[in-house]
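The values are calculated or read from the model by the stated rules, or taken from the named source; none is laboratory data. Note that the structure is a prediction, hence the values are computed from the model and not measured. Note: ideal-geometry Cβ built from the backbone for every residue, glycine included; neighbour counts use all protein chains shown.
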Amino acid sequence: MKTQSKEIDKQIDHLKIVLKENGIKLTHQRVEVFREIAQTKDHPDAEKVFQRLRKKLPMISLDTVYRTLWLLKDLGLIGTIGFSRESTRFDGNLDRHHHFVCAKCGMTRDFYSDKLNNLILPESVAEFGTVQTANIEVKGICKECESKLN
Ligand SMILES: [Zn+2]
Ligand SMILES: [Zn+2]
């Protein structure tokens, strides 16, 4: 389930340009944090990214991972899902998409739908504020959890 490496190289070239444009130093750690998000489909949180990178980069700290993820997010290079800053999960897919979330294990996958992109929201939503985007989150039980139930 990994994104093709050629595609990742292209994304990393883009990362380099954006960092340069914003006067931010390109460090090996920043590239590796970005690569981790770009190549995975499972929308990891900062802790999970840290655990994975530690094998490759023993010097990296959770704090660095955390700050780098939010830097990438602020630069528009990655997306986020989740409500609070603590439980935020990071998303390498910047195309408009929606999520299937397993209620048991939290597995999260992307899906696409033009119909859902053009969803008409009730006017009452405007009472809370200005809508920026609307993403559908479908909750269910993933195939793996389902097979364990049987
Ligand atoms: Zn599951
Ligand atoms: Zn996603």
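Some points to look at:
- Test: residue in segment 100-110 that is of a type in the set (Lys, Arg), within 27 Å of residue 149 (Cα to Cα) and without any contact (Cβ under 8 Å) to a residue 24 or more places away in the chain: no
- Test result for residue 146, within 16 Å of ligand 1 (Cβ to nearest atom), free of Cβ contacts under 8 Å to residues at least 24 places away in the same chain and more than 24 Å from residue 35 (Cβ to Cβ): yes
- Scanning segment 1-24 for residues that are within 16 Å of residue 73 (Cα to Cα) and either surrounded by 13 or more Cβ atoms within 10 Å (Cβ to Cβ) or in contact with a helix residue (DSSP H, G or I) (Cβ under 8 Å, 6 or more places away or on another chain) (or both) yields 11, 12, 14, 15, 16, 18, 19, 24.
- Test result for residue 82, small (Gly, Ala, Ser), surrounded by 12 or more Cβ atoms within 10 Å (Cβ to Cβ) and either outside the structural domain of residue 137 (by TED's automatic domain parsing) or within 24 Å of residue 133 (Cβ to Cβ) (or both): yes
- Scope segment 110-150; condition of a type in the set (Ser, Thr, Tyr) and surrounded by 11 or more Cβ atoms within 10 Å (Cβ to Cβ); matching residues: 112, 113
- The set of residues in segment 108-137 that are in a loop (DSSP other than H, G, I, E, B) and aliphatic (A, V, I, L, M) comprises 119, 120, 121, 131, 134, 136.
- Only one of the numbered conditions (1) farther than 25 Å from residue 82 by Cβ; (2) among the aliphatic types (A, V, I, L, M); (3) surrounded by 12 or more Cβ atoms within 10 Å (Cβ to Cβ) is not met by residue 69, and that is (1).
- Contact annotation: residue pairs with Cβ atoms under 7 Å, 6 or more positions apart or on different chains, pairing a residue in segment 68-82 that is closer than 19 Å to residue 96 by Cβ with a partner that is crowded, with 16+ Cβ neighbours inside 10 Å and basic (Lys, Arg), are 80/73; 80/89; 81/89; 82/89.
- Among the criteria (1) among the basic types (Lys, Arg); (2) closer than 23 Å to residue 143 by Cα; (3) in contact with a helix residue (DSSP H, G or I) (Cβ under 9 Å, 6 or more places away or on another chain); (4) within 15 Å of ligand 2 (Cβ to nearest atom), the one residue 104 does not fulfil is (4).
- Matching residues, segment 85-101, being away from ligand 2 (no atom under 14 Å from the Cβ) and farther than 18 Å from residue 139 by Cα: 85, 86
- Taken over segment 44-89, the criterion of being among the polar types (S, T, N, Q), over 13 Å from the mean Cα position of the chain (by Cα) and modelled with pLDDT under 95 is satisfied by 84 alone.
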